[in-house]
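Quick notes on the structure that follows.
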Amino acid sequence: PPGMTSHDVVYFIRRVTGIKKVGHTGTLDPEAAGVLPICIGKSTKVVQYLSERNKKYRTSIKFGITTETQDKYGKIIEQVSVPDIDVMTVNGLIGGFKGKILQTPPMYSAIKYKGKKLYQYALEGETVEVKSRPIEIFDISLVDKTDRDEFILDVSCSKGTYIRTLCNDIGEKSGYGAHMAQLIRLKSSPFCIEDSVTLEDIQLAANNNAFQNLLCAPDFLFSDLNKITIKKSAEKSAINGNPIFSAGVEDDIDIYKAGSMIRLYIEGKFIALGIIAHDDTNDRNFIKIKTLFT
């Protein structure tokens, strides 16, 4: 829900479940709402993989008002009169932001510069040079017009994209300025808002000892990867992170290209992510353990 930081959500889940090892992926601003994947116990190891996944947002952009924070909560920098912008004009504006672009992160963000977060510099009245960075807008579409100067957009994008900066930049391109009036994260791949649970759901489940029923198995995240079964005789080697050669697996690993990431199982239980490597001396593939989940 809006009004909570990602850390607030982590603290809430720790408190109601009694589980200490809890982590979130992909920080949401306190004013935003929507999908926030939470990792529990040994599954906190997947945070590094989830953070890389693509996102989808629904945002409201309001033309005519530019703010310091690029959203409705910041100090107004400029306000101008806006004519009744039509849908065709907005479609023309947003179309120019689709694809691979450079985006300059806002000063009011948690990005660090010389060990200090940018918003701390901003609050102290200091200005630092923020480097632009490449992002990708996979799709941006107009959903609705809610007012003469306000529109709802859906945005699918790569990690690291600031939607409020996108709204600000669209406003600059229009000549009227703009800010982000509302933000909902609809998807943090592979999790969609339709499949999400509320904090009330979590509280109720925890009170009824049914919290485990809300959890997804960690290998759900990697269902797009090929699956390889390790023999029981090679379990100790795998658990110790040693290389696994063809004699220790039930599948043909020579069919894979070096560098391919795979899911590893023992007797039907997901134990690790691995990477196919090649032994040039003996001209054979083997498996390197990347991340253990046991």
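The values are calculated or read from the model by the stated rules, or taken from the named source; none is laboratory data. Predicted, not measured: the structure shown is a model, and the values here were computed from it. Virtual Cβ from ideal backbone geometry, glycine too; neighbours counted across all protein chains shown. In case anyone asks, the SASA skips ligands and DNA or RNA and just uses the protein heavy atoms, side chains included. Shrake-Rupley method; radii C 1.70, N 1.55, O 1.52, S 1.80 Å.
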(request) Mind counting the residues in the range 249-277 that are open to solvent by less than 70 Å² (accessible area, probe 1.4 Å) and not hydrophobic (A, V, I, L, M, F, W, C)? (result) 8
(message) Being assigned to a strand (DSSP E or B) and open to solvent by 60 Å² or more (accessible area, probe 1.4 Å) is the filter here; which residues of the range 169-198 pass it?
(response) GLN182, LYS187
(request) Tell me the strands (runs of 3 or more DSSP E) entirely within the range 33-101 that contain at least 2 residues that are at pLDDT 95 or above and of a type in the set (Phe, Trp, Tyr). (result) 55-63
(message) I'm trying to understand the selection: among the residues of the range 199-245, which are touching a strand residue (DSSP E or B) at 6+ places or on another chain (Cβ under 8 Å), in a helix (DSSP H, G or I) and polar (S, T, N, Q)?
(response) SER237
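This table checks each residue for (1) in contact with a Ser or Thr (Cβ under 9 Å, 6 or more places away or on another chain); (2) farther than 18 Å from GLU68 by Cα; (3) not in a loop (DSSP other than H, G, I, E, B).
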residue: GLU126; (1), (2), (3): no, no, no
residue: GLU129; (1), (2), (3): no, no, no
residue: ILE137; (1), (2), (3): yes, yes, yes
residue: LEU142; (1), (2), (3): no, yes, yes
residue: THR146; (1), (2), (3): yes, yes, yes
residue: LEU153; (1), (2), (3): yes, yes, yes
residue: GLY160; (1), (2), (3): no, yes, no
residue: ARG164; (1), (2), (3): yes, no, yes
residue: CYS167; (1), (2), (3): yes, no, yes
(request) Hey, can you tell me all the residues within the range 2-37 that are open to solvent by 50 Å² or more (accessible area, probe 1.4 Å), closer than 21 Å to HIS179 by Cα and touching a helix residue (DSSP H, G or I) at 6+ places or on another chain (Cβ under 7 Å)? (result) THR27
(request) List every residue pair whose Cβ atoms lie under 8 Å apart, where the two residues are 6 or more positions apart in sequence or sit on different chains, the first residue falls within the range 13-24 and is under 16 Å from SER43 (Cα atoms), and the second residue, located anywhere, is among the aromatic types (Phe, Trp, Tyr) and assigned to a helix (DSSP H, G or I). (result) THR17/PHE211
(request) Return the only residue of ASN213, ASN209, ASN240 being at positive phi and free of Cβ contacts under 8 Å to residues at least 24 places away in the same chain. (result) ASN209
